[in-house]
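S.K.: Handing you this structure, nothing more for now.
The values are calculated or read from the model by the stated rules, or taken from the named source; none is laboratory data. Values in this document were obtained by computation on a predicted structure and should not be read as measured data. Cβ coordinates were reconstructed from backbone atoms using ideal geometry, including for glycine residues, and neighbour counts include every protein chain displayed.
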Amino acid sequence: MSETKAHEIAAWMFNEMKHAGMLYQADAVEHIRKRYGETYIYVNESGHASIDKEVKKAFKKMHGGKAAWDRDSFFWGWTSAIKE
């Protein structure tokens, strides 16, 4: 597993969320599968397709705590204004 690819995927996730205001996990999983294959996807304990932990760690660094995970609807969304 490439740290560079994990960062590339996280950057894509960040940009998608930045432009749309939210990012659904299903959309991210579909994009990652099509572009990068199964390497960065796993099935979690609930039986759902999830994104590799290194990708999510890089994504979290990028948003700096300004995004939150909605467990009920399976998406990330902004919690505060983005400062550029």
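S.K.: Restricting the search to the range 61-75, which residues are farther than 20 Å from Ile41 by Cα and either crowded, with 18+ Cβ neighbours inside 10 Å or in contact (Cβ under 8 Å) with a residue 40 or more places away in the chain (or both)?
M.R.: His63, Ala67
S.K.: Do we have any residue at all in the range 42-53 that's surrounded by 14 or more Cβ atoms within 10 Å (Cβ to Cβ) and farther than 22 Å from Thr79 by Cα?
M.R.: Within the range 42-53 (the criterion being surrounded by 14 or more Cβ atoms within 10 Å (Cβ to Cβ) and farther than 22 Å from Thr79 by Cα), the answer is yes, since at least one residue qualifies.
S.K.: If you don't mind, another one. Can you find a residue in the range 32-41 that is in a strand (DSSP E or B), modelled with pLDDT of 95 or more and surrounded by 17 or more Cβ atoms within 10 Å (Cβ to Cβ)?
M.R.: Yes, that holds for at least one residue.
S.K.: Out of the range 1-50, which residues are in contact with a strand residue (DSSP E or B) (Cβ under 7 Å, 6 or more places away or on another chain), over 17 Å from Ala68 (Cβ atoms) and among the small types (Gly, Ala, Ser)?
M.R.: Ala49
S.K.: Just need a number here: residues in the range 9-31 that are farther than 14 Å from His63 by Cα and surrounded by 14 or more Cβ atoms within 10 Å (Cβ to Cβ).
M.R.: Of the residues in the range 9-31, 6 are farther than 14 Å from His63 by Cα and surrounded by 14 or more Cβ atoms within 10 Å (Cβ to Cβ).
S.K.: Going by what's in this entry, would Ala58 be described as surrounded by 12 or more Cβ atoms within 10 Å (Cβ to Cβ), within 10 Å of the chain's Cα centre (by Cα), in contact (Cβ under 8 Å) with a residue 40 or more places away in the chain and part of a helix (DSSP H, G or I)? I'd like the intermediate steps shown before the answer.
M.R.: On the way: surrounded by 12 or more Cβ atoms within 10 Å (Cβ to Cβ): yes; within 10 Å of the chain's Cα centre (by Cα): yes; in contact (Cβ under 8 Å) with a residue 40 or more places away in the chain: yes; part of a helix (DSSP H, G or I): yes.
Yes: the conditions hold for Ala58.
S.K.: Among the residues of the range 42-50, is any over 11 Å from the mean Cα position of the chain (by Cα) and of a type in the set (Asp, Glu)?
M.R.: yes
S.K.: Go through the range 6-27 and give me each residue that's part of a helix (DSSP H, G or I), of a type outside the set (A, V, I, L, M, F, W, C) and over 16 Å from Tyr42 (Cα atoms). Quick ask: steps written out before the conclusion?
M.R.: Of the range 6-27, the ones part of a helix (DSSP H, G or I) are 6-20, 25-27.
Then keep just the ones that are of a type outside the set (A, V, I, L, M, F, W, C); that gives 7-8, 15-16, 18-19, 25, 27.
Listed by number, the residues that qualify are His7, Glu8, Asn15, Glu16, Lys18, His19.
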